[in-house]
1. Only counting other Cβ atoms within 10 Å, I'd like M39, M109 sorted with the fewest neighbours first.
2. Given just the C-alpha atoms of the stretch 58-104, how large is their convex hull per residue in cubic angstrom?
3. If each of Q13 and I86 carries a label point 7 Å out from its Cα toward its Cβ, how far apart are those two points in nm?
4. Expressed as a fraction of 2.2 N^0.38 Å, the rule-of-thumb size for a compact globular protein of N residues, what is the C-alpha radius of gyration of the chain?
5. Using Cα pairs closer than 8 Å and at least 6 residues apart in sequence, work out the relative contact order for the stretch 11-123, in percent.
6. For the stretch 1-106, run through the trypsin sites (Lys or Arg not before Pro) and keep only the ones in DSSP coil with at most 14 other Cβ atoms within 10 Å of their Cβ.
7. To the nearest 500 deg cm²/dmol, what mean residue ellipticity at 222 nm is calculated for the chain from DSSP H runs of n ≥ 4 alone, each contributing -39,500 (n - 2.57), summed and divided by the residues?
8. Counting other beta carbons within 10 Å of each residue's own, what order do T37, T24, T56, T83 fall into, fewest first?
Amino acid sequence: MPLGKYEGPGEIQFDGRTLAESSTVRASVSSNSNQVTTMKKGLAGRSRGAVVSQVTIENAIPKGGLEQAFIEKCIADADVRITLLIAGKRYQFEGWIDTVDTSQGVNEMATVSFTVTAGPPLVL
């Protein structure tokens, strides 16, 4: 039986430009729905909550500098747009950079990691 084909490395765009130095992306979408419980029914259903998304991207840091002004955009509380290609669909997250972390050390690559907080993604 032949082996199945699976999704390979993703494509990430930041404000419309591809991030060539990205090494990892994690996306989380939470419905934030609330459980409704009653004394007679127990778990009776749910009530809708506000959908919140978080996208965390880790990038290698080129010697020439960061691909984008991640730190400056975080400080400025600027609006950003992240587009992910997942299994043939594009998901667009519009929000802001909530945190930026950098890491440099002996025998490891220098990285910058940032987290974007957004509402529900648009499916393009």
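1. M39, M109
2. 97
3. 1.7
4. Normalised Rg, Cα atoms only: 1.34.
5. Reported relative contact order: 28 percent.
6. Those that pass, being in a loop and sparsely packed, are K5, K40, K41, R48, K63.
7. Counting only the DSSP helices, I get -1000 deg cm²/dmol.
8. Placing the least packed residue first, the sequence is T37, T24, T56, T83.
Throughout, read-outs are computed from the coordinates displayed, never taken from laboratory work. Being a predicted model, the structure only gives us computed values, none of them experimental. Please note: Cβ atoms are built from the backbone with ideal geometry, for glycine as well, and neighbour counts cover all protein chains shown.
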